[in-house]
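A.B. asks: Next up is a structure, given as structure tokens.
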Amino acid sequence: MTTHVDLFDKPVSQDGLSSSWPKRFAWLVTCLTFPLIFVGGLITTTDAGMAVPDWPTTFGYNMFLYPWYSWVFGPWDLFIEHGHRLFASVVGMVSIAFVFVAFKWEQRSWMRKLVVFALLLVSAQGVLGGVRVTENEVLLAMVHGCTAPLFFSLTVFNSTTYTRFWRGPLADCRTAKGPELSLLVKPLRLAAITTVLVYVQLVLGASIRHVPVTASTQTFSTLVIFHLVMALVVTVHVIALAVILWKNKELATSIRRTGKWLAGMVLLQVGLGASTWVLNYGYPFGWGENKLTANHLVTTYGWWQAHITTAHMALGSLLLVFCVAVVTRLLRLRFVVKSGAGEQDNATT
């Protein structure tokens, strides 16, 4: 069996993985991360971040030994904050198990390193969330919210390396040799730029959600304006990326299909953003009485306000990881096509 070391080369031998357990754990971590992000966003939306004032204990109890009846039947903010801690612990423990599974069955050394890095990242994320509680620091809460999508993106990359597409990206293309390298340059560049823009928009959104109540109205209004402008930029880029992926018939079908998902998600995201504004401020987009810049904050959330606002945040993270998936698949396809062209050149010389 040939050993491969390149990041975008064959994952293992031509026969595939020696065990399906690494793939299962990779997808399990990914699937658990999204609801964890949603719950974390709901905590920020409902201002429940300090419902439990100590960490890593919960009101002096070991986190895992806190009385379940006090948690389940207690106040809502306690229920969701303590639940978030337990959920995060589950993700951490699954990540630890993934490391053991990867070192037992994963044959790619670079993949084992990525799994370890993912564990370190989720551990740092947990510590960051804990320090945010002990220090009662809003800035740390914002950083905590901005690093969560990065971990989510890494889990998606790890999961992608266990897909059928990764093992044979050319099988999904129109031709056996795949598209010309020149046809991959534009979509790859656009996908990379779009990914960065989506993340910047997430950071702007986190800045608005964590703006201190003592901040001036000018500060909040400026952030809102930047967020709205960036929303337009991101929407245009995502739609352009979806169009270029779908029109490029030479690309793998799975990549072109992801473009359709991106277009649908960004349109839904715009709708959720508009709904968030209407529910929080009571009038569409602030038109009338010169309210466009949103010179007041809503600190009390009803059920619809809380969940639609949180869904807007969570869908932003989902949009980011779909962009990451597109970039990853395009890079994989580019590497395989380039390798095939190089082998053909060597055969003719």
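A.B. asks: Having 2 or more residues that are buried (at least 17 other Cβ atoms within 10 Å of the Cβ) is the bar; report the helices (runs of 4 or more DSSP H) wholly within the range 61-169 that clear it.
C.D. replies: The qualifying helices (runs of 4 or more DSSP H) are 76-105, 109-135, 138-160, 164-167.
A.B. asks: Scanning for something free of Cβ contacts under 8 Å to residues at least 12 places away in the same chain and closer than 21 Å to Tyr199 by Cβ, does the range 101-123 turn up at least one residue?
C.D. replies: yes
A.B. asks: Does Val224 meet the test of being of a type in the set (Val, Ile, Thr), closer than 22 Å to Leu154 by Cβ and out of contact with any Lys or Arg (no Cβ under 8 Å at 6 or more places or on another chain)?
C.D. replies: no
A.B. asks: If you don't mind, another one. Do we find a residue being in a helix (DSSP H, G or I), charged (D, E, K, R) and surrounded by fewer than 17 Cβ atoms within 10 Å (Cβ to Cβ) anywhere in the range 254-265?
C.D. replies: Yes, some residue in the range 254-265 is in a helix (DSSP H, G or I), charged (D, E, K, R) and surrounded by fewer than 17 Cβ atoms within 10 Å (Cβ to Cβ).
A.B. asks: Given the structure, is Met50 surrounded by 13 or more Cβ atoms within 10 Å (Cβ to Cβ) and more than 20 Å from Pro35 (Cβ to Cβ)?
C.D. replies: Numbers: surrounded by 13 or more Cβ atoms within 10 Å (Cβ to Cβ): yes; more than 20 Å from Pro35 (Cβ to Cβ): yes.
In short, yes.
A.B. asks: Can we say Arg209 is under 29 Å from Val143 (Cα atoms) and among the basic types (Lys, Arg)?
C.D. replies: When the stated conditions are applied, Arg209 passes them.
A.B. asks: Would you tally the residues in the range 17-45 being hydroxyl-bearing (Ser, Thr, Tyr), assigned to a helix (DSSP H, G or I) and within 16 Å of Val99 (Cα to Cα)? Walk me through how you get there before you give the answer.
C.D. replies: First, pick out the residues of the range 17-45 that are hydroxyl-bearing (Ser, Thr, Tyr): 18-20, 30, 33, 44-45.
Pick out the ones that are also assigned to a helix (DSSP H, G or I) and you get 30, 33, 44-45.
Still in the running and within 16 Å of Val99 (Cα to Cα): 30.
Residues in the range 17-45 being hydroxyl-bearing (Ser, Thr, Tyr), assigned to a helix (DSSP H, G or I) and within 16 Å of Val99 (Cα to Cα): 1 in total.
A.B. asks: Quick check: anything in the range 274-281 assigned to a helix (DSSP H, G or I), at pLDDT 90 or above and buried (at least 19 other Cβ atoms within 10 Å of the Cβ)?
C.D. replies: no
A.B. asks: Shifting gears a bit: Can you tell me how many residues within the range 209-218 are buried (at least 16 other Cβ atoms within 10 Å of the Cβ) and either in a helix (DSSP H, G or I) or not assigned by TED's automatic domain parsing to the domain that holds Phe322 (or both)?
C.D. replies: Within the range 209-218, residues that are buried (at least 16 other Cβ atoms within 10 Å of the Cβ) and either in a helix (DSSP H, G or I) or not assigned by TED's automatic domain parsing to the domain that holds Phe322 (or both) number 1.
A.B. asks: Next question, about the same structure. Which pairs turn up if I take residues in the range 160-181 that are closer than 12 Å to Ala252 by Cβ and look for partners that are of a type in the set (D, E, K, R) and at pLDDT below 85 with beta carbon separation below 8 Å, at least 6 apart in sequence or on another chain?
C.D. replies: As it stands, the answer is Phe165/Asp172; Leu170/Lys177, since those pairs meet every condition given.
A.B. asks: Does Phe98 qualify as being at pLDDT 95 or above and more than 20 Å from Thr58 (Cα to Cα)?
C.D. replies: Working: at pLDDT 95 or above: yes; more than 20 Å from Thr58 (Cα to Cα): yes.
Yes: the conditions hold for Phe98.
A.B. asks: Would you point out the residue of the range 223-243, among those that are surrounded by fewer than 17 Cβ atoms within 10 Å (Cβ to Cβ), in contact (Cβ under 8 Å) with a residue 24 or more places away in the chain and among the β-branched types (Val, Ile, Thr), that is farthest from Leu150 (Cα to Cα)?
C.D. replies: Here the residue is Ile225.
The values are calculated or read from the model by the stated rules, or taken from the named source; none is laboratory data. All figures in this text were calculated on a predicted structure; none of them were measured in a lab. Cβ: placed from backbone, ideal geometry, glycine included. Neighbour counts: every protein chain shown.
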